[in-house]
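Worksheet: the structure to be examined is printed underneath.
The values are calculated or read from the model by the stated rules, or taken from the named source; none is laboratory data. Predicted, not measured: the structure shown is a model, and the values here were computed from it. Don't worry about glycine lacking a Cβ; one is built from the backbone with ideal geometry, like all the others, and counts go over all protein chains shown.
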Amino acid sequence: MTEELIHGLHAVTAALEYEADQVRGLWVERQRRDGRIQALLDIASRQGVVVHPVDRAELDRLTGGARHQGVVARLALRQRTLGEADLPTLLAAVEGPLLLLVLDGVQDPHNLGACLRSAAAAGVHAVIAPADRSASLNATVRKVACGAAEIVPFVSVTNLARTLRALQEQGIWIVGAAGEAGDSLYEVDFTPSTAIVLGGEEKGLRRLTREVCDRLAQIPMVDGGVESLNVSVAAGVFLFEAQRQRGVRN
């Protein structure tokens, strides 16, 4: 079984809490003695994970100089990204109206991580993305997601338009985000089962994706301001409007 490295306090803590059986070891900067590191070490101790105190230079080497926050974990690499065939079973297990986030070609791992974080906070049941020309669940995505990558199912599909049509056949409403749309998202009813579709950086929704959508909507913005929002920000606006309409409470 191959392995992968993850780094950062949130990503490593999430791995220890949600998939401790996959953690093969923890490397921690020996000079750090603060409360956040101690809390992480306490979890590792409870889970029986071996901890290796090392100098910062070793962590820099392991991560290629990334901002590791003094901690690196080695995980057994198992299949965390689901495929198109997994969707029916995944969605059938959900009670009540579905809320899905579809990302049509988001290539920046920082944006994907931020989208996953918003998705987890909004109670999204799955994030769907095409396998080609999209960011995958790497260490950067996990760090930015702050644990959300271990919570929200991430489904990679070979043909996004086909997947969207299959969702429509199950009665799921497909709403695409498009700046030129005539309707505001605040005019859209998000209370039925809904898949919110956002395009990638710069280009937005692809033509085939756009044509499949049942409705397009835009985020109303002040004249003279910015022309568009970052995809992760736009995702948060759409998702939390959906949850507002659904009257979600803690």
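Key figures
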| read-out | value |
| --- | --- |
| Qualifying residue in region 32-46 (condition: touching a residue at least 60 places away in the same chain (Cβ under 8 Å), closer than 28 Å to ALA114 by Cβ and of a type in the set (A, V, I, L, M, F, W, C)) | no |
| Options THR209, THR191: the member that is part of a helix (DSSP H, G or I) and in contact (Cβ under 8 Å) with a residue 40 or more places away in the chain | THR209 |
| Unmet requirement for GLY48, which otherwise passes all of (1) surrounded by 14 or more Cβ atoms within 10 Å (Cβ to Cβ); (2) out of contact with any Lys or Arg (no Cβ under 6 Å at 6 or more places or on another chain) | (1) |
| Number of the condition not met by ALA76 [criteria: (1) in contact with a Ser or Thr (Cβ under 9 Å, 6 or more places away or on another chain); (2) within 22 Å of LYS203 (Cβ to Cβ)] | (2) |
| Index of the failed condition, ALA217 passing every other in (1) in a strand (DSSP E or B); (2) at pLDDT below 95; (3) more than 21 Å from the chain's Cα centre (by Cα) | (2) |
| Criterion: assigned by TED's automatic domain parsing to the domain that holds ALA161, part of a strand (DSSP E or B), closer than 22 Å to GLN243 by Cβ and at pLDDT 90 or above - qualifying residue of ALA129, ALA114, ALA120 | ALA129 |
| Listing of helices (runs of 4 or more DSSP H) fully contained in region 1-104 that carry 2 or more residues being over 25 Å from PHE154 (Cα atoms) and of a type in the set (Ser, Thr, Tyr) | none |
| Which numbered condition SER228 misses (of (1) over 23 Å from SER134 (Cα atoms); (2) at pLDDT below 95) | (1) |
| Candidate set from region 132-143 (those that are in contact with a helix residue (DSSP H, G or I) (Cβ under 9 Å, 6 or more places away or on another chain) and either outside any helix (DSSP H, G or I) or free of Cβ contacts under 8 Å to residues at least 12 places away in the same chain (or both)); member that is surrounded by the fewest Cβ atoms within 10 Å (Cβ to Cβ) | SER136 |
| The one condition in (1) more than 19 Å from the chain's Cα centre (by Cα); (2) part of a helix (DSSP H, G or I); (3) surrounded by 15 or more Cβ atoms within 10 Å (Cβ to Cβ) that ALA234 fails to fulfil | (1) |
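Let's see how each residue does on (1) without any contact (Cβ under 8 Å) to a residue 24 or more places away in the chain; (2) of a type in the set (Gly, Ala, Ser); (3) loosely packed, with under 14 Cβ neighbours inside 10 Å; (4) in contact with a Phe, Trp or Tyr (Cβ under 6 Å, 6 or more places away or on another chain):
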site	(1), (2), (3), (4)
GLY171	yes, yes, yes, no
ARG215	no, no, no, no
PRO220	no, no, yes, no
GLU241	no, no, no, no
ARG244	yes, no, yes, no
